[in-house]
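The values are calculated or read from the model by the stated rules, or taken from the named source; none is laboratory data. All of these numbers come straight from a predicted model, not from anything done at the bench. Note that we place each Cβ from the backbone using ideal geometry, even for glycine, and neighbour counts take in every protein chain shown. With ligands, DNA and RNA removed, areas are computed over all heavy atoms of the protein, side chains included. Shrake-Rupley method; radii C 1.70, N 1.55, O 1.52, S 1.80 Å.
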Amino acid sequence: MSIKYSVSEEEFSTLDESQQGLYSQGESGYTLNVEGVPQEDVSGLKQKIDKLLGEKKSAQQKATEAEEKAKAEAAEKLRKANDFEQLYNSSESERQKAAEELNNLKTTIQRQKLTTEASSLAGQMTKDTARAKLLTEQLQSRLTIVDGETRVLDVNGNLTVSTVKELATSIKDEYPFLVDGSKAAGGGAIGGNNSGAEVSKTKSRADFEQMNPHKKMEFMKSGGIIE
């Protein structure tokens, strides 16, 4: 019967006492007490295992570092995207504000130009300041600026081919009582009483200025006099 070099605990228990005395207990069973048995050189295997473990650890470390780097790059990219969006929104807001201010400035300049032109025409039609003011309002309401040029509008606000001079003539014909030298301008109005006496209407300039444009026009048309 051959003797095994190593046996398990179960196999060891089946041996008789004389045979059990030949074995020593180890971590994973029992080994035969024999001198001169060559020991297996496991140093190379251990080194290989250590190398593999080191490579695995290194690979895991590199993977962790790569993941952290990717997260950092993603966070930086997101931050830059947010910064760009905020910068764009701020820039767009400033651009819109500047465009609005420019449009308001253009509108103001155009309005001033139309007021000056209408006032100049009204001054040529009457020397009376109250009438000139009403004429200016009427003229300006029929003028607009298109491509930097003064254009005439009809009563509905549509563009016409009429000239400013033609507009002035039309206003004279429509409101002759506002124009100096016109038979319908100034003076008193003939009342409807039986005596035929001349009835004049007068208002202070302060009272006249408080009237709305329509009332002013009616007052002047009726021959009203401003004191």
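Okay, here's what the table says:
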quantity	calculated
Dipole magnitude of segment 1-136 about its Cα centre (Cβ charges: Lys, Arg +1; Asp, Glu -1), debye to nearest 20	2500
Tyr23 long-range amide H proximity, modeled H, under 5 Å	Asn33
Cβ-based charge dipole, segment 1-143, positive-most Cα from Ala66, Gln112, Gln124	Gln124
Per residue, in Å², the accessible surface of segment 109-185 once ligands and nucleic acids are set aside, probe 1.4 Å	58
Pairs from Lys172/Lys215; Lys172/Lys201; Lys97/Lys133; Lys165/Lys215; Lys133/Lys201 whose Cα-Cα separation, in the structure shown, is over 30 Å	Lys97/Lys133
Of all accessible heavy-atom area on segment 126-185, the percent that carbon and sulfur account for (1.4 Å)	48
Eligible lysines near Lys71 by straight Cα distance, threshold 29 Å, same-chain separation 8 or greater	Lys56, Lys57, Lys62, Lys80
Estimated distance in nm for a label pair at Leu159 and Asp50, the labels positioned 7 Å out from Cα along Cα-to-Cβ	9.4
Theoretical gain in end-to-end length, Glu166 to Ala98 [0.36 nm per residue, Cα-Cα removed]	20.7 nm
Estimated FRET transfer efficiency (Glu35, Lys57; beta-carbon r; R0 41 Å; 0.05)	0.50
